[in-house]
Amino acid sequence: AENIGIHGIEIYFPSTYVAQEDLEKFDGVSQGKYTLGLGQTNMAFCGDREDIYSLALNAVSNLMEKFDVDPNSIGRLEVGTETVIDKSKSVKTVLMDLFAKHGNTSIDGIDTINACYGGTSALHNALQWMESSYWDGRNAIVVAGDIAVYEKGPARPTGGAGVVAMLIGPNAPIQFENGIRGVHMENVYDFYKPDMDSEYPRVDGKLSISCYLRAIDNCYNRYAKAFEKKFGEKFSLDKVDYALFHSPYNKLVQKSFARMLYNDFLQNKEDPRFATLAPFKDIAPEDTYFNTDLEKALVAITKTDYANKVAPGTTLAKQLGNTYCGSTYGGLLSLVDAIGDGLVGKRVLTFSYGSGLAASAFSFKVESPIKSIVDKVDLKQRLTKRVRVTPEVFTEKLSLRESRHNLKNYTPSDPTHNMFPNSFYLAQVDEAGKRKYERT
Ligand code: ACO
């Protein structure tokens, strides 16, 4: 197949959120730490009525409804998530309920797990399937998202929840630039989940930030090489109209975009545009991850470009928090929503990162109008329909989730009347651990 890309995209997020300014007060941290320091506005979360199965069921069923997808037109469906509720049974198999009842059980693909990267791996699998001899002419759906929760402490405000579903097929309006990808993977323990009795990760925040920035450096430079090979021209940030990032919190995205320009500087240190960076030209890149003077100089020269090229893709990450696997694709949807048909003809560079670690940079171009996607998703309107709850309620819900973790034989206690209409929710977990869902 040719011109493979995204025909439709949808996100499901919970109907309640907590405001970061309220959390700052509740946690007793200095005012501005979460809102300005992390750059976050609100955070979505789930109680005990929602789990990764119900979130994914909502994302996929809403995608199919809004984009009028014939269940028999799908030949591949895969899921990227790190929200694991079963060590064997995949989220994908649960989603088969939406297709099997229409007679389609011939759907390839399964779950991919590695921190926030599974969604990207799932997407790449779908693209590669469509380019291969195994492709049978049908479309694919890629699901990416998580429920991100941290124990009480400094990482808790960087949680979030949401699942993105994308309809992938040939001759798409949003087309991936094939043959160009920069990959970086290595073995580190910056964030991982060795505790099966807890939903929370173990995280070394500072280490994860240095890993993220190292992955940016490597992926960006490898992407540049592949770009130059394909197009026979020099790559730099000037070739990029918009940039999307995996967003653990917005401040890191600001620094990451600036870091890309730093890599351009390393390629061309004498360029007068980079005059303010001269004092840093002899420092090894791996010694600069926490160099605040360099950071300030970079953020200053990328300020306007950040506002134009990056900020439009950050809405969902600021409003929902880190949706782990969903983060990068929530960024894509934010950008589509913000710029609409203004994206036609534009190149979007995308950086995806999952701790542990796995990362890649790749790009897509918008080739035809996408206004109908914007209208169908109706993002802004849906975000305003959410309900703000207090940090007390948010904390109670996370405690409830803790008490439900690995539990069998219970009926969730959260009320369902606050949920968005027509949403799947967890109705019951039986004594054998089997889960049942109903719809609001
Ligand atoms: N007003 C304005 N800014 C403030 C204020 C204030 N009142 N208080 C603090 N800040 C700034 C700090 O200067 C800092 O800015 P900087 O990043 O530019 O240095 C920022 O707010 C954060 O403050 P820290 O003291 O560094 O925060 P802390 O160490 O308590 O926690 C962290 C931050 C490490 C990100 C933590 O939330 C965490 O561990 N999160 C999970 C890990 C994570 O998301 N890693 C990213 C990649 S991996 C992944 O995606 C899971």
Q) Which shape class, rounded, prolate or oblate, goes with the range 202-289 when its Cα gyration tensor gives a ≥ b ≥ c as root eigenvalues, a/c under 1.5 marks rounded, and past that a/b bigger than b/c marks prolate? A) oblate
Q.
Using Cα-Cα distances under 8 Å and only pairs 6 or more residues apart, what relative contact order does the chain have, in percent?
A. 25 percent
Q | Simple spin-label estimate for Lys33 and Ser413 in nanometres, 7 Å along Cα-Cβ | A | 3.0 nm
Q. For the range 130-233, what class follows from the C-alpha gyration tensor (a ≥ b ≥ c being the square roots of its eigenvalues): rounded when a/c is under 1.5, otherwise prolate if a/b is larger than b/c, else oblate?
A. oblate
Q: Would you grab the residues whose amide H sits under 5 Å from the one on Thr112? Only those 5+ places off in sequence or on another chain, please, with H modelled 1.01 Å from N.
A: Val79, Gly80, Thr81
Q) Using mean Cβ contacts within 10 Å as the protection proxy, how do 205-218, 47-60, 385-398 order, highest first? A) 47-60, 205-218, 385-398
Q) Across the range 58-203, how large is the tail of the calculated P(r) beyond 27 Å, expressed as a percent of all Cα pairs? A) 28 percent
Q. How big is the C-alpha Rg of the range 263-336 next to the rule-of-thumb value 2.2 N^0.38 Å, as a ratio?
A. 1.37
Q.
Run through the range 130-181 and list the chymotrypsin sites (Phe, Trp or Tyr not before Pro) located in a DSSP loop whose Cβ has at most 14 other Cβ atoms within 10 Å.
A. Tyr134
Q) Relative to the present Cα-Cα distance, how much length would full extension add between Lys229 and Glu151 at 0.36 nm per residue of separation? A) 23.5 nm
Q: Would you mind listing how long the range 20-107 runs along its three principal axes, going by Cα atoms, in whole Å with the largest first?
A: 56, 32, 20
Q: Would you grab the residues whose amide H sits under 5 Å from the one on Val188? Only those 5+ places off in sequence or on another chain, please, with H modelled 1.01 Å from N.
A: Gly356, Leu357
Q: Give a quick list of trypsin sites (Lys or Arg not before Pro) in the range 242-330 that DSSP marks as loop, anything other than H, G, I, E or B, with at most 11 other Cβ atoms within 10 Å.
A: Lys281
Q | Whichever aspartates and glutamates have a C-alpha closer than 16 Å to that of Lys436, once near sequence neighbours (fewer than 8 apart) are set aside | A | Asp48, Glu50, Asp51, Asp86, Asp97, Asp414
Q. If ligands, DNA and RNA are left out, what is the accessible area of Ser399 with a 1.4 Å probe, given in Å² to the nearest 10?
A. 50 Å²
Q: Sort the range 79-127 into rounded, prolate or oblate with this rule: let a ≥ b ≥ c be the square roots of the eigenvalues of the Cα gyration tensor; rounded if a/c is under 1.5, and if a/c is not under 1.5, prolate when a/b is larger than b/c, oblate otherwise.
A: oblate
Q: Hey, can you find the accessible area per residue of the chain for me, probe 1.4 Å, expressed in square angstrom?
A: 41 Å²
Q. Which value, in Å³ per residue, describes the convex hull spanned by the Cα atoms of the chain?
A. 136 Å³
Q. Using a basic spin-label model with each label point 7 Å from the Cα along Cα→Cβ, how many nm lie between Ser132 and Ala1?
A. 1.4 nm
Q. GluC sites (Glu not before Pro) within the range 179-248: which are DSSP loop residues with at most 14 other Cβ atoms inside 10 Å?
A. Glu186, Glu233
Q) Contour minus end-to-end for Ala307 and Thr276, with contour as 0.36 nm per residue of separation and end-to-end as the Cα-Cα distance? A) 9.1 nm
Q: Leaving ligands, DNA and RNA out of it, report the carbon-plus-sulfur percent of the accessible area of the chain at a 1.4 Å probe.
A: 49 percent
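Using only the Cα atoms, what convex hull volume per residue in Å³ does the range 1-49 have? Each step should come with its number before you reach the end.
On the way: hull volume 6.7 nm³, N = 49.
Here the figure is 137 Å³ per residue.
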**Q.** For a label point 7 Å along the Cα-to-beta-carbon line of Asn178, residues of the range 1-24 with backbone N under 20 Å
**A.** 1-8
**Q.** Largest-first ordering by accessible area, 1.4 Å probe, given options His417, His102
**A.** His417, His102
**Q.** Cα-projected label distance for Ser399 with Glu438, points at 7 Å along beta-carbon direction, nm
**A.** 2.7 nm
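The values are calculated or read from the model by the stated rules, or taken from the named source; none is laboratory data. Bear in mind that the values here come from a model prediction, so they are computed numbers and not experimental data. Virtual Cβ from ideal backbone geometry, glycine too; neighbours counted across all protein chains shown. Heavy atoms of the whole protein, side chains included, go into the accessibility calculation; ligands, DNA and RNA do not. Shrake-Rupley method; radii C 1.70, N 1.55, O 1.52, S 1.80 Å.
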